[in-house]
Each structure stands twice: as C-alpha cells, then as structure tokens.
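Nothing in this text is a laboratory measurement; each read-out follows from the coordinates by a stated rule. The shown structure was predicted, so the numbers you read here are calculated from the model rather than taken from an experiment. Cβ atoms come from the backbone with ideal geometry, glycine included; neighbour counts cover every protein chain shown.
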Amino acid sequence: MSSSKRWVEILRVIRDDLPGRWTIRGRGMKTTLIREPIGWTIPWIGASKGSFGRLHAGVAPAVEQAVSWRTGPYGLDMVDVRGGPRGIDFGATDDLDVARTFVGHALVRIDELSPTALAEKGERGLQVMFDLVSPRSDMDLPSRYVMGAVGWRIVNDSGNPVEAAEQCIRYVEFQTWERATKDESIGFYRELIDVWTSGGRDESLTWLAERRDRQLAELGYGDDAIVD
C-alpha cells in the first residue's frame with residue numbers, strides 16, 4: 001500500500017477520536033484533516049512525505065493576506081515534540097500509534113491558538129512593533145502575529161482596522177522580503193482599507209470570507225475536495 005493511501009486510512013481512524021467535527025480534504029500526501037465549520041481560524045492536521053514521513057498540525061488564520069499551513073508560531077511539527085519520534089514510517093506496525101500520540105500534542109497546541117488568543121497576540125504585536133522607532137524583524141513572539149491584527153479588529157469589531165492596516169504597511173515596507181512578496185502584502189492591506197472605507201464592517205467581513213474560501217479552493221481544500 002502506498003504511503004498516501006495509508007495516510008488517508010490513518011486519518012479516518014483518527015477523525016473518529018477527535019473532539020468536534022472534522023473533514024478529510026485534499027489528495028495524496030496533501031490530504032489533511034480540517035475542523036468544521038470553516039471559520040476565521042482553520043485547525044488542521046497534515047503530513048509530508050520525503051524519505052521518511054512527518055506529521056504537522058496547526059491553526060491557519062483566515063484573516064491574513066494568505067491562508068497557509070504554517071507551523072512555527074501557528075502550529076506544531078513532529079520535531080517540536082520533546083522526546084517524540086522525528087518522523088513516521090507509513091505502513092509500519094506502529095504508524096497509527098505514532099500518529100495518535102502526535103495528534104494528542106497537536107490538539108493542545110491548537111487549543112492554545114484560539115481566535116481570542118490570536119487576536120490578543122496581534123494587538124500585543126502592534127504595540128511592541130510600533131512603539132519602537134524602527135520595527136525589528138527579530139522581535140519576540142508578539143510580532144509574529146501582528147499581520148493578522150487588522151482582520152481580527154474587523155471580525156471582533158474591536159478597533160480601527162485602517163489604523164492597524166497602515167501600521168502593517170509600514171512594517172512590510174521595512175522588511176527585507178522580495179519585492180513581489182512585499183507588494184502582495186501591501187496590496188492586501190490597501191484593498192482592505194478601500195473595502196472598509198466604502199462598505200464598513202459588513203462588506204469587509206464578506207470580502208475576507210470570500211477571499212478565504214477562494215484560497216482554500218485554490219490550495220485544493222475547498223468543499224469539492226472533501227474525501228468523505
């Protein structure tokens with residue numbers, strides 16, 4: 001049996017153990033468990049396959065410029081679990097046990113990355129980054145979440161999103177990213193400012209939701225990619 005087929009089998013078993021409702025979406029080794037309903041955060045559990053498989057999981061914020069399956073500040077990789085295996089051998093007699101153990105750690109991390117927690121971290125990040133004369137890319141944890149602060153202000157009706165967007169634009173301009181990446185991020189914030197200015201919170205929420213759903217579909221995780 002191929003690794004991808006075994007991975008889907010494991011996902012089906014694990015899904016029955018998870019709290020809440022989860023769907024299996026995607027194809028091959030990109031097949032991923034995603035918690036329903038799709039909201040402003042998207043909890044997920046996935047895998048990658050090289051010479052040795054690795055599991056990872058996290059929460060994809062759906063209020064930033066791009067929906068992505070990042071770990072780091074937004075999740076957990078097998079190598080992050082102290083004392084745990086650094087990979088999974090799909091097809092081995094213990095592959096399901098290894099996956100279940102990792103998922104137990106991942107659920108703890110997912111719970112920590114609640115929408116409330118991410119919004120609070122974003123606001124802290126704004127203060128940390130922009131109370132400085134010059135934003136620094138090596139700041140501690142709060143700065144990693146600053147890019148979502150604009151969306152969280154809209155979702156939670158908790159502050160002026162235009163002010164936050166303008167701050168984020170200044171932050172992006174300071175970074176040493178490639179020009180195309182900087183332009184995409186700045187374009188996102190400028191378009192969101194325009195939507196907010198013309199249509200207020202309701203239109204902004206609609207714009208964010210449509211963007212989220214479109215990106216999920218483009219990544220191969222839309223509603224038409226549900227395995228079962």
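Quick notes on this one:
- The residue list T31, L107, I10 was ranked by how far each Cα lies along the charge dipole of segment 3-113 toward its positive end, using unit charges on Cβ atoms, and T31 comes out on top.
- Stokes-Einstein diffusion coefficient of segment 1-119, Kirkwood radius over Cα pairs, 25 °C, 0.890 mPa s, in µm²/s: 171
- In range of the label at A92: residues from segment 42-65 whose backbone nitrogen is under 17 Å from the point 7 Å along Cα→Cβ: 47-56
- Residue exposure sequence - F90, F174 - by fewest surrounding Cβ within 10 Å: F174, F90
- Between amide H atoms placed 1.01 Å from N, distances below 5 Å from A60 occur with I42, W44, all of them 5 or more places distant or on a separate chain.
- Extension gain, M1 to W177: 0.36 nm times the residue separation minus the Cα-Cα distance gives 59.2 nm.
- For the chain, size of Cβ-based charge dipole, Lys and Arg +1, Asp and Glu -1, in debye: 600
- Overall dimensions of segment 22-92 by Cα: Rg and Dmax, Å: 12.8, 39
- Total charge dipole magnitude, segment 115-217, about the Cα centre, Cβ charges on Lys, Arg, Asp, Glu only, Debye to nearest 20: 200
- Candidate lysines for bridging to K30, where Cα separation is under 17 Å - those fewer than 8 sequence places away on the same chain excluded: K5, K49
- Peptides 221-227, 167-173, 190-196 ranked from most to least packed, by the mean per-residue count of other Cβ atoms within 10 Å: 167-173, 190-196, 221-227.
- Calculated mean residue ellipticity at 222 nm for the chain: -16500 deg cm²/dmol, from DSSP H runs with n ≥ 4 weighted as -39500 (n - 2.57), summed, divided by the residue count and rounded to 500.
- Between V108 and D202, the contour length at 0.36 nm per residue exceeds the Cα-Cα span by 30.5 nm.
- Which labelled figure in (i) 118; (ii) 133; (iii) 142 is volume of the Cα convex hull per residue in Å³, once derived from the coordinates: (ii)
- Residue exposure sequence - D202, D111, D80 - by fewest surrounding Cβ within 10 Å: D202, D111, D80
- The phi torsions of segment 104-121, fed into the Karplus equation with coefficients 6.51, -1.76 and 1.60 and a -60° offset, translate into couplings of x, 5, 5, 5, 4, 5, 4, 4, 5, 9, 6, x, 4, 5, 5, 5, 5, 5 Hz, rounded to whole numbers, with Gly and Pro shown as x.
- Averaged over residues, the count of other Cβ atoms within 10 Å places the peptides 144-153, 208-217 in the sequence 144-153, 208-217, highest first.
- Taken over segment 115-217, the alpha-carbon convex hull comes to 105 cubic angstrom per residue.
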